[in-house]
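Have a look at the structure below, then the notes.
The values are calculated or read from the model by the stated rules, or taken from the named source; none is laboratory data. On a predicted model such as this, the values are computed, not experimentally measured, just so you know. Glycine also receives a Cβ, built like all others from the backbone with ideal geometry; neighbour counts cover every protein chain displayed. Protein only, heavy atoms only, side chains kept; ligands, DNA and RNA dropped before computing areas. Shrake-Rupley method; radii C 1.70, N 1.55, O 1.52, S 1.80 Å.
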Amino acid sequence: QVRLVESGGGLVQPGGSLRLSCVTSGMNFKLYAMNWYRQTPGKERELVASITSDHKRNYVDSVKDRFTISRDNVRTTLYLQMNDLTPADTAVYYCNTKYRDYQVWGRGTQVTVSP
């Protein structure tokens, strides 16, 4: 069974930083592209960042200069370093991968950016 477990969310002031983690199990992690999504109530779930098995990265424009996605294939863990956070970054952040024919999601971790 593939499992994705996010952590690292919390309350942070504008301009602050958080580092999200996604611990995976049940899959050969190094072979799979991984994604971070986020969702705010009333809005569509948004792809924030992705990283391929060969470490190519992509970001949505709104976070491109502030967020960094990375992966540790030894620890089978995905990360999202988030810097210079703004209230617009407030959302539930989800780890995601396409495993075989299925989309696999974590339960999410809440990020709240507020003074």
Next on the checklist: Filter region 54-76 down to the residues that are of a type in the set (Val, Ile, Thr) and surrounded by fewer than 18 Cβ atoms within 10 Å (Cβ to Cβ) and list them by number.
Outcome noted: 60, 68, 74, 76
Item to check | Qualifying positions in region 9-53 - crowded, with 17+ Cβ neighbours inside 10 Å, without any contact (Cβ under 8 Å) to a residue 40 or more places away in the chain and hydrophobic (A, V, I, L, M, F, W, C) | outcome: 49, 51
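If you scan region 1-52, which residues turn out to be of a type in the set (S, T, N, Q) and at pLDDT 95 or above? Give the derivation first.
If we filter region 1-52 for residues that are of a type in the set (S, T, N, Q), which is where we start, we get 1, 7, 13, 17, 21, 24-25, 28, 35, 39-40, 50, 52.
Those that are of a type in the set (S, T, N, Q) and at pLDDT 95 or above: 7, 13, 17, 21, 24, 25, 28, 35, 39, 40, 50, 52.
One line per residue, one yes/no per condition, for (1) polar (S, T, N, Q); (2) touching a strand residue (DSSP E or B) at 6+ places or on another chain (Cβ under 8 Å); (3) within 21 Å of residue 82 (Cα to Cα):
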{"residue": "25", "(1), (2), (3)": "yes, yes, no"}
{"residue": "34", "(1), (2), (3)": "no, yes, yes"}
{"residue": "37", "(1), (2), (3)": "no, yes, yes"}
{"residue": "41", "(1), (2), (3)": "no, no, yes"}
{"residue": "44", "(1), (2), (3)": "no, no, yes"}
{"residue": "51", "(1), (2), (3)": "no, yes, yes"}
{"residue": "55", "(1), (2), (3)": "no, yes, yes"}
Next on the checklist: Take residue 84 and tell me if it is in contact (Cβ under 8 Å) with a residue 12 or more places away in the chain, acidic (Asp, Glu) and buried (at least 22 other Cβ atoms within 10 Å of the Cβ).
Outcome noted: no
Item to check | Hey, residue 48 of a type in the set (Val, Ile, Thr) and more than 11 Å from the chain's Cα centre (by Cα) or not | outcome: no
Checklist entry - When region 88-115 is examined, which residues are found to be under 21 Å from residue 31 (Cβ atoms), open to solvent by 10 Å² or more (accessible area, probe 1.4 Å) and part of a strand (DSSP E or B)? => result 94, 98, 99, 102, 103, 104, 105
